[in-house]
Structures are given as C-alpha cells and as structure tokens.
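The values are calculated or read from the model by the stated rules, or taken from the named source; none is laboratory data. This is a predicted model, so every value here is computed, not measured. Every residue, glycine as well, gets a Cβ built from its backbone with ideal geometry; the counts of neighbours run over all protein chains shown.
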Amino acid sequence: MADKVFSTKATAQGGREGHVTSDNKVVDVDLKMPDKNGIPEDASNPEQLFAAGYSACYDGALNLMASKAQKDISSETTAEVSLLKDSEDNGFKLGVTLHVHVSGVSQEEAEELAHRAHDFCPYSKATRGNIEVDLQVTSR
C-alpha cells in the first residue's frame, strides 16, 4: 500500500435497513431503502453517502486543477448516483453523473478543468473502469 495520508472509519449495522456511524460520530444516520416515493426524509442510503463523498472530493480536485492553471473559479458539483440493474449477474451496479457548474472561465476551459479533475480525483480513480461516470459540465 502507498504512503498513507490519513485513515477514517465508518461502521454499519443492519445493512441497507440499519445505521451507519463514522469514527468521529459526525456521520450518524439511519439507513432505509428508497420506496416508490424516493428516499425517506428521516434516513439515508449508501448511494446518497457515496454521492456526498464523490461530489466533495471531485469539487476539491476541480478547484485544485483550476488553481494549478491559475484560473479563478467558483464551482458546484452534484454527484447523481444511481442504483442500476446489472444484467450480467441479475444483481445491481452503480452509475454516476457528475453535474459540474463552473463560473469564471469559458465552457471550453471548464470542460478541460473538469476532465483534469476527473483524472486526478481519488473517487474517479477508484471508479474508473468499474462504473460508468458521465461528466456534465456547464460554465456559468
């Protein structure tokens, strides 16, 4: 394993109908499966937690790439994580659409920064070749 920068932990009990808690207790949420009305207001699910982590990590990578390119931007990244049917094993898989909004640069520059961020982001590296990730980039 490479040189460790830091580690953190989260513990789940009861799976998708249980509870998850981070080691520092900041994440401390009940988990419930979405129903026909969507995600219950009083609980989360693994996809929502993954979306939170991916959007934060990716947006950080985007701002780092902009800084390295000496571009002054503001950005917002929404990770839309979908649970999909997997026809290969009749199970499930994930798909992600990253909705990336960038201001302070042209559309072309925003797309270039977004692709650089996707190459750099640890979540993008972890998912590359494993799940489909679609980048939707707009400059404001």
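Is at least one residue of region 15-24 surrounded by 14 or more Cβ atoms within 10 Å (Cβ to Cβ) and assigned by TED's automatic domain parsing to the domain that holds Ser124?
There is no residue in region 15-24 that is surrounded by 14 or more Cβ atoms within 10 Å (Cβ to Cβ) and assigned by TED's automatic domain parsing to the domain that holds Ser124.
State whether the residues of region 63-74 include one that is within 29 Å of Ile39 (Cα to Cα) and at pLDDT 95 or above.
In the first step, residues of region 63-74 are kept if they are within 29 Å of Ile39 (Cα to Cα); the result is none.
No, the conditions are met nowhere in region 63-74.
Conditions first: (1) closer than 27 Å to Gln136 by Cα; (2) touching a Ser or Thr at 6+ places or on another chain (Cβ under 9 Å). Val29 passes all but one, so which condition is the exception?
Checking Val29 against (1) closer than 27 Å to Gln136 by Cα; (2) touching a Ser or Thr at 6+ places or on another chain (Cβ under 9 Å), the one that fails is (1).
Within region 71-87, identify whether any single residue is in contact with a Lys or Arg (Cβ under 6 Å, 6 or more places away or on another chain), without any contact (Cβ under 8 Å) to a residue 60 or more places away in the chain and farther than 20 Å from Ala52 by Cα, and answer yes or no. Even if it seems obvious, please write down each step before you answer.
Residues of region 71-87 in contact with a Lys or Arg (Cβ under 6 Å, 6 or more places away or on another chain): 84, 86.
Keeping just the survivors that are without any contact (Cβ under 8 Å) to a residue 60 or more places away in the chain gives 84, 86.
Going one step further and asking which of them are farther than 20 Å from Ala52 by Cα, we end up with 86.
The answer is yes, given that some residue of region 71-87 is in contact with a Lys or Arg (Cβ under 6 Å, 6 or more places away or on another chain), without any contact (Cβ under 8 Å) to a residue 60 or more places away in the chain and farther than 20 Å from Ala52 by Cα.
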